Amino acid sequence: MATSSVSRDWCLRLTITYVPELLHGTPTPSSLCDVEYRSHTSHSRGKLTNPGETEIYWTVDGNLECIQRLVPSVNQSISLNIVSLRRLSADTHCHTECGDGGCKCVTNLLPLDHMDHLQILSDTGQPLCCICGPFQEEWLPVGVRSWSPLSLVYYVARYNWATKGFEYETDYRFHNDYVCGHHIMTQHSGVINSVNMTAPTQLNYFLHQSCTWKLDSNVERQLTIYMYSHQNRPCSAWNLSIHEYYEQGPEHTGKVLHTFCSRDGPKNYTLPFKLNIVIIRLRAMTNTPPQFRIKWRSQVVRANTRTSGYIPTATSSTPRQSQLWGRGVTMTTVLLCLAWASLS
């Protein structure tokens, strides 16, 4: 500290807070207010609220962003409901639109990071729900149910720090179910049916799904996949895609081979011969549970009946012809030798 001719008494005040992780999650190191809730270390249900009016949040430079991440275990889902929202800045440069694909923030002139907002993100950073501007209280609650982690992002623009942010309250719950997940199927044929789910009665409640099935026949066969749905939904609501298997990544999805949309009607997909491992992925963001049926069959086929993929070339058959021809020469030589020996 710089010295001066005027004597001053300096005081440093330090506050230490112990956080019960079971109730309030696990604070993220090197962050101001980020918290993580994991199903095996947190209560199965609880409430999330804004950080509050603690002075430390309003003395940092820049915007305030606090992320509360909820992580379900395998064969679990997480539901998150925004039930209360108060003092949200009624900035006319941003408004909220809710439809079948969720609620989204629509900006005008200024980017979203210039305005207060509350956002729910998928584990890949995809916006699933966003609320900003003059949001109508009667639109609440707004909820998302997901079979992969969710992040609730509380964002206060630097320009609105005089009000010390806005207030919200959400309910969360971890559910034990087998509706979605990552499954491995080693049978040569089988059926996958969507799990019957009760459609949400809440107006703004959305289902977010990213499920995969790995079809591994273990042998070189011709794989045929049949997909059907009685629904007539756009691809943006939900779709099924067939991917090449990729060793890296959590879902192991490589190149997209085919995409199935329910409004296209039943589809049969015959995959290239020798492609014996593929990934089928369901992607959904809708308030209507997807309904579908998948049937697959892998069978041994002869070279002249393969519908796609590998076909033997002329050069590949030449060695076999040479071998047969060679055997004929050898047998002829033996017979000639025997005949010559009998004559002599």
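The values are calculated or read from the model by the stated rules, or taken from the named source; none is laboratory data. If you're wondering where the values come from, they're calculated on a predicted model, not measured in any experiment. Methodologically, a virtual Cβ is constructed for each residue, glycine included, from the backbone with ideal geometry; neighbour enumeration extends over all protein chains shown. Surface areas here come from the heavy atoms of the whole protein model, side chains and all, with no ligands, DNA or RNA. Shrake-Rupley method; radii C 1.70, N 1.55, O 1.52, S 1.80 Å.
Mind checking which of Val83, Cys132, Leu70 is farthest towards the positive end of segment 47-183's charge dipole, using Cβ charges of +1 (Lys, Arg) and -1 (Asp, Glu) about the Cα centre?
Leu70
Just add up the charged neighbours of Cys132: K/R +1, D/E -1, any other residue whose Cβ is under 12 Å from the Cβ of Cys132.
Value of the local net charge: -3.
For Gln202 paired with Asn108, estimate the spin-label separation in nm (one decimal), with each label point 7 Å from Cα along the Cα-to-Cβ line.
2.9 nm
Considering the dipole of segment 141-222 built from charges on the beta carbon (Lys and Arg +1, Asp and Glu -1) around the Cα centre, which of Pro149, Asn196, Met185 is farthest to its positive end?
The listed residue farthest towards the positive side: Pro149.
Enter the accessible area of Thr59 (Å², nearest 10), with the probe set to 1.4 Å and all protein chains included.
Using a 1.4 Å probe on the heavy atoms, I get roughly 100 Å².
Using a probe radius of 1.4 Å on heavy atoms only, what accessible surface per residue do you get for segment 173-266? Whole Å² is fine.
Heavy-atom accessible area per residue stands at 53 Å².
Just to verify a number: FRET efficiency for Lys295 and Asn75, C-beta to C-beta distance, R0 = 35 Å, to 0.05?
Efficiency at R0 = 35 Å is approximately 0.90.
Which lysines have a Cα less than 30 Å from the Cα of Lys255, not counting those fewer than 8 places away in the same chain?
Lys104, Lys214, Lys267, Lys274, Lys295
Karplus couplings for segment 164-176 from phi (6.51 cos²θ - 1.76 cosθ + 1.60, θ = phi - 60°), rounded to Hz, Gly and Pro as x?
Values, residue by residue: 6, x, 10, 10, 8, 9, 10, 9, 10, 7, 8, 10, 8 Hz.
How big is the accessible area of Trp139 in square angstrom, nearest 10, if you roll a 1.4 angstrom probe over the protein chains?
90 Å²
Carbon and sulfur atoms: what percent of the 1.4 Å accessible area of segment 248-305 do they account for?
With neighbouring chains kept in place, the figure for segment 248-305 is 45 percent.
Please list log₁₀ I(q)/I(0) at q = 0.10, 0.22 Å⁻¹ for segment 88-217, using the Debye equation with identical point scatterers on the alpha-carbon positions.
Scattering profile of segment 88-217, log10 relative to I(0): -0.43, -1.38.
Could you pull the accessible area for Lys104 with a 1.4 Å probe, rounded to 10 Å²?
Result for Lys104: roughly 120 Å² accessible.
Compute the signed sum of charges (Lys and Arg +1, Asp and Glu -1) over the other residues within less than 13 Å, Cβ to Cβ, of Ser262.
+4
Please report, in debye to the nearest 20, how large the charge dipole of segment 200-291 is about its Cα centre when each Lys and Arg carries +1 at its beta carbon and each Asp and Glu carries -1 there.
220 debye
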